[in-house]
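The values are calculated or read from the model by the stated rules, or taken from the named source; none is laboratory data. Keep in mind that what you see is a predicted model, and the values were worked out from it rather than measured. Cβ coordinates were reconstructed from backbone atoms using ideal geometry, including for glycine residues, and neighbour counts include every protein chain displayed.
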Amino acid sequence: MKVARVHRKITNCREDFIHKLSRRIVNENQVIVLENLNVKGMMQNHKLAKSIHQVGWGMFCTMLKYKAEMEGKVYLEVDRFFPSSKTCHVCLNQVGSLLLDIRNWTCEKCQTKHDRDINASINLRDEGLRILRLRSVQVFNLSEAEGLTSGTGDKACRPDVSRSKGGRKKSTTALSVGQEAYGIRVGEASRREASP
């Protein structure tokens, strides 16, 4: 019973931390971009499984998704094969291979020194904004072709509208390029919060 109580307390602390972190990220950002990680596949790696299970990546992504949808924010997942770690965010040069234990690397073209996780989060943010721009252009062209524009250019680019609890319409696609976006490497976000 004592061991069960200790495990329950650890679980509650972890869930509390993940809830607070996901709520803060959703409140502070218009667009949230995540890597579509194969968490189940990563759990089969016996070297990483315990660490992945302890931080609860899957639960964190689920919380971010439903909280973002409830608030009318944009939640995007970038394909897991997008080379976010291996691409220099300054000159877009891509290295051939980058082993998991290499945490810092220098770009051969522009000589910029990169932290692996920070570089990947910048690349994810940029890719998410690129996807949003493409979607907004496609929706705008489609609505022009069908004659559905309302004459208010910005609103014509907002296809997905959901109702919040208060009944006001909130767009699930914020399309202004100048708005904040948050590219997330899941491990990097939890590690950044845990450090003082």
* Asked: Of the residues that sit in segment 9-59 and are over 20 Å from residue 73 (Cα atoms), in contact with a helix residue (DSSP H, G or I) (Cβ under 9 Å, 6 or more places away or on another chain) and of a type in the set (Lys, Arg), which one is modelled with the lowest pLDDT?
  -> 40
* **Number of the condition not met by residue 116 [criteria: (1) more than 25 Å from residue 29 (Cβ to Cβ); (2) in contact with a Lys or Arg (Cβ under 9 Å, 6 or more places away or on another chain); (3) at pLDDT 85 or above; (4) not hydroxyl-bearing (Ser, Thr, Tyr)]** => (1)
* State whether the residues of segment 79-91 include one that is of a type in the set (Val, Ile, Thr) and in a loop (DSSP other than H, G, I, E, B). => yes
* In segment 61-72, is there at least one residue being over 19 Å from residue 129 (Cα atoms), more than 15 Å from the chain's Cα centre (by Cα) and not in a helix (DSSP H, G or I)? -> no
* To do: From the list 142, 98, 148, pick out the single residue that is over 20 Å from the mean Cα position of the chain (by Cα), modelled with pLDDT under 85 and not in a loop (DSSP other than H, G, I, E, B).
  => 142
